[in-house]
Amino acid sequence: MESVANAIHREPWNKGKIVGQKAPFKVKDIWALRVRLQMEHRIRELALFNLGIDSKLRGCDLVALKVRDVCHGDQLATRAIVMQHKTQRPVQFEITSTTQDALQAWIKHAGLKSDSFLFPSRIHNSPHLGTRQYARILGHWVEELGLERASYGTHSMRRTKATLIYRRTKNLRAVQLLLGHSKLESTVRYLGIEVDDTLEISEQTEI
């Protein structure tokens, strides 16, 4: 009876929290944080941030990457294919030269091998960086940029490049493939483009 009572009175995980879509980062925010991380020689964080933006992966997939997922022998790959944990569907992403440089520096600095997790955990009972650890790191980035922490989350990283690509190309199908969505409707909801497009039309309409 006690366990039932506890279950009934258990508080929802999102009580007191702002939920919903998290905002993507703007280009100026991306470069501001990159410069800060470079100047402060935060090698691991720079590699994590750049790869998070490039890959558009969910947090659980990003933190579970191994060196061999992004390297061909000793060379950083320009493209990678990862099986998504949530959907069990493969997704491909580009690794830009900026990200390649950051990853190369991190792998060398950390002495990682091919079968090593790309972002090992500093907690002994975890083989790689956890999603909660990743979320805390991202929260610190948001605060350093002077942004509202509640408006951003790990999905901000996933949405950032996808949103930029859509705004430049208006190619929903391409963004769907990049995010690994099985349905186009999911991509539309994820980007929130119907709302964005409506606001854009409204701003351009003179009365």
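We did not get these values from a lab; they are worked out from the coordinates using the rules stated. Not measured: the values here are computed from a predicted model. For neighbour counting, all protein chains shown are included, and Cβ atoms are generated from backbone atoms with ideal geometry for every residue, glycine included.
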Take the Cα coordinates of the stretch 66-124, assign each an equal point scatterer, and use the Debye formula without solvent to give log10 I(q)/I(0) at q = 0.17, 0.20, 0.31 Å⁻¹.
-> -0.60, -0.80, -1.29
Size of charge dipole - the stretch 27-204 - debye, nearest 20, with Cβ of Lys, Arg +1 and Asp, Glu -1, no other charges = 480
Where Cα atoms sit under 28 Å apart: lysine pairs in the stretch 27-204 separated by 8 or more or lying on different chains = 22
Where labels lie 7 Å past Cα in the beta-carbon direction, separation of Ile81 and Ala150 in nm = 4.4
To the nearest 0.05, what FRET efficiency results for Val188 and Trp31 with a Förster distance of 30 Å applied to their C-beta separation?
-> 0.60
Note on the stretch 27-204: contact order normalised by length, alpha-carbon pairs under 8 Å, 6 or more apart, percent, works out to 23
Residue separation between Gln92 and Ala174 times 0.36 nm, minus their alpha-carbon distance, gives in nm 28.4 nm
Net charge over other residues, Cβ less than 15 angstrom from the Cβ of Ala77 (K, R count +1; D, E count -1) | -2
